[in-house]
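Enquirer: Structure below; questions to follow.
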Amino acid sequence: MIICAHSKPLKISTRVLIAIKDNGLDMRNDVAIEFEIDSAPMLATLLLKVEEETFLRNTPAQINNPNCWIAMIPFPKLDDRGIRVDSKSDITAAITTFDINVAKIKQMQPA
C-alpha cells in the first residue's frame, strides 16, 4: 500500500557553527550542508493490536485506508496524568522493521 508519494525531491539542510576560544586559540567555523534525495522507497512492518468488532464492521473498500486501520487501534489504559498504566504488557502498536533504500544523494553547492 502506498501511503505517500511526491514528485519533488526531499531536501535536507543544516547549518553548524563551531567556535573555540582558549589560550590564544580563536577558531570559528560556520558550515552549511544541504542534500537532495530524488527517491527513497521505504518499507515498514507494523504490528497493530486491533479491536475485533471494529475490524469486522469495515467494508472491503476501507481496508486500503490507513486512517481506518489507525481508528481500529484501541486506546491504552492511562492514569490521571495521561501516562500509560502498564507500559510493558499492553502494546497496541509497534514498528517491527523499517527499511529505506536511498539510491542517490546529491550534495548541493553553497549559494
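The values are calculated or read from the model by the stated rules, or taken from the named source; none is laboratory data. In this text, all values refer to a predicted model and were calculated from it rather than measured experimentally. So basically every Cβ, Gly included, is an ideal-geometry build from the backbone, and we count neighbours across all protein chains shown. Note: areas computed on protein heavy atoms with side chains; ligands, DNA, RNA excluded. Shrake-Rupley method; radii C 1.70, N 1.55, O 1.52, S 1.80 Å.
Enquirer: Identify, by number, the condition in (1) part of a strand (DSSP E or B); (2) surrounded by 10 or more Cβ atoms within 10 Å (Cβ to Cβ) that L17 doesn't meet.
Expert: For L17, the exception is condition (2).
Enquirer: Among the residues of the range 33-48, count how many are in a strand (DSSP E or B) and under 14 Å from D99 (Cα atoms).
Expert: Counting residues in the range 33-48 that are in a strand (DSSP E or B) and under 14 Å from D99 (Cα atoms) gives 5.
Enquirer: Please work out which residue is farthest from L10 (Cα to Cα), limiting yourself to the range 64-84 and to residues that are free of Cβ contacts under 8 Å to residues at least 12 places away in the same chain and open to solvent by 90 Å² or more (accessible area, probe 1.4 Å).
Expert: If we take residues in the range 64-84 being free of Cβ contacts under 8 Å to residues at least 12 places away in the same chain and open to solvent by 90 Å² or more (accessible area, probe 1.4 Å), then D80 is farthest from L10 (Cα to Cα).
Enquirer: Taking the condition touching a Lys or Arg at 6+ places or on another chain (Cβ under 9 Å), surrounded by 11 or more Cβ atoms within 10 Å (Cβ to Cβ), within 18 Å of T92 (Cβ to Cβ) and modelled with pLDDT under 85, does P9 pass?
Expert: no
Enquirer: I'd like the full set of residues that are without any contact (Cβ under 8 Å) to a residue 40 or more places away in the chain and either within 30 Å of S39 (Cβ to Cβ) or open to solvent by 80 Å² or more (accessible area, probe 1.4 Å) (or both), limited to the range 85-100.
Expert: The answer is V85, K88, S89.
Enquirer: Scan the range 51-63 and give yes if some residue there is in a helix (DSSP H, G or I), open to solvent by 90 Å² or more (accessible area, probe 1.4 Å), at pLDDT 85 or above and basic (K, R), otherwise no.
Expert: Within the range 51-63, one or more residues are in a helix (DSSP H, G or I), open to solvent by 90 Å² or more (accessible area, probe 1.4 Å), at pLDDT 85 or above and basic (K, R).
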